[in-house]
Amino acid sequence: MSLLSVRGIVKRYGGLTAVDGASFDIDAGELVGLIGPNGSGKTTLLNILSGLAEPDGGEILLDGAPCHGLKPEQLAHRGVMRMFQLTRVFRRMNVIDNLLVAGRALGLDGAEALNRADTLIEELRLDAVRALDAGQLSGGQMKLLEFGVCFMVPPRIALLDEPFAAVHPTMKEIMGGFIRSRHEQGQTFILVSHDMPVIVELCPRAVCMNAGKVIIDAPTRTVLSNADVIEAYLGGQAA
Ligand SMILES: Nc1ncnc2c1ncn2[C@@H]1O[C@H](COP(=O)(O)OP(=O)(O)O)[C@@H](O)[C@H]1O
Ligand SMILES: [Mg+2]
């Protein structure tokens with residue numbers, strides 16, 4: 001059984017159909033790239049998957065059980081986490097304490113929280129700023145801290161919408177490395193990004209949307225060389 005099953009999801013805004021019957025399945029442990037030109041419905045679909053928007057049609061199954069219509073907190077509780085929607089970073093609290101507070105809030109005991117926080121600080125290269133208040137971090141470091149907070153208790157599926165946008169290349173490297181190594185440890189992700197080299201490098205499989213529809217779902221290299229995909233991007237740029 002798939003971890004997540006997206007079946008015929010439709011979302012309309014007035015006369016506009018933002019998501020138009022999108023379907024795909026995600027197995028546990030997959031890292032799937034969700035691509036498509038601007039306005040193709042990727043963010044709307046992630047909003048629906050994470051409970052921020054309600055679909056007008058279709059269904060979403062988590063472990064085979066319907067989960068559409070649940071609130072973001074309820075979905076997060078079941079392990080569907082859209083980063084960084086529910087992330088709480090306290091600006092006047094230092095990096096290590098932000099991680100510890102997140103871990104304790106999610107039920108970890110003190111020793112386990114400290115253990116995981118130390119691991120995350122190392123993975124996310126936040127060692128040098130671990131005692132700084134979050135409010136003093138750069139934008140990229142703040143995003144890395146948000147990753148940390150989200151992964152104190154790893155979600156069953158992490159939904160990432162353009163995590164690399166407007167992030168310094170060094171931070172992008174760290175984020176990419178984090179996603180890759182967590183994927184190798186079995187973490188499931190859906191990754192939306194316009195950065196095709198990163199999608200090729202990280203994602204074995206890609207789903208491409210255009211005008212609200214899934215136009216192809218295949219190994220990433222197959223998707224990127226597909227004529228309809230190229231046409232969709234060219235069309236998007238010309239519009
Ligand atoms: N809250 C909203 N109200 C009205 N239209 C929306 C809303 N959210 C998204 N849209 C429209 O839905 C379409 C898909 O948008 P979006 O999901 O943001 O695409 P993407 O993330 O692929 O760029 C676009 O035409 C966008 O303008
Ligand atoms: Mg978007």
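The values are calculated or read from the model by the stated rules, or taken from the named source; none is laboratory data. On a predicted model such as this, the values are computed, not experimentally measured, just so you know. Cβ sites come from the backbone with ideal geometry, for glycine too, and all protein chains shown count toward neighbours. These accessible areas exclude ligands, DNA and RNA; they are computed on the full protein's heavy atoms, side chains included. Shrake-Rupley method; radii C 1.70, N 1.55, O 1.52, S 1.80 Å.
In Å, what Rg and Dmax follow from the Cα atoms of the chain?
My reading of the Cα-based Rg and Dmax gives 18.1, 55 Å.
Enumerate the lysines that K213 could reach by cross-link, defined here as Cα to Cα under 22 Å, with residues fewer than 8 away along the same chain left out.
K11, K42
Could you tell me what % of all Cα pairs in region 1-89 have separations over 20 Å?
33 percent
Using the Cα centre of region 148-239 as origin and beta-carbon charges of +1 (Lys, Arg) and -1 (Asp, Glu), tell me which of I174, G235, I215 is placed farthest towards the positive end of the dipole.
I174
Once both labels are modelled 7 Å past Cα along the beta-carbon direction, what's the Q136-R7 spacing in nm?
5.3 nm
Residue by residue through region 144-156, what is 3J(HN,Hα) from phi via Karplus (6.51 cos²θ - 1.76 cosθ + 1.60, θ = phi - 60°)? Round to whole Hz and write x for glycine and proline.
Couplings: 5, 5, 4, 4, x, 4, 5, 9, 4, 10, x, x, 5 Hz.
Under a point spin-label approximation (7 Å from Cα along Cα-to-Cβ), what is the H77-H168 distance to one decimal in nm?
In this crude label model, H77 to H168 measures out at 4.0 nm.
What does the helix-only formula give at 222 nm for the chain: each DSSP H stretch with n ≥ 4 adding -39500 (n - 2.57), the total divided by the residues, and the result rounded to the nearest 500 deg cm²/dmol?
Numbers: 9 runs with 92 residues, N = 239.
One gets -11500 deg cm²/dmol as the mean residue ellipticity at 222 nm.
When DSSP beta bridges are limited to those with both residues in the chain, what percentage is antiparallel, rounded to the nearest 5?
Numbers: 22 of 39 bridges.
In the chain, approximately 55 percent of DSSP beta bridges are antiparallel ones.
Quick check: residue separation of D228 and A28 times 0.36 nm, minus the Cα distance between them. What number comes out in nm?
The D228-A28 span can extend by a further 69.2 nm.
How much accessible area per residue does region 4-113 have, in Å², with a 1.4 Å probe?
I get 46 Å² per residue for region 4-113.
Could I have the simple spin-label model distance between R92 and R104, label points 7 Å from Cα toward Cβ, reported in nm to one decimal?
According to this spin-label approximation, the distance is 1.8 nm.
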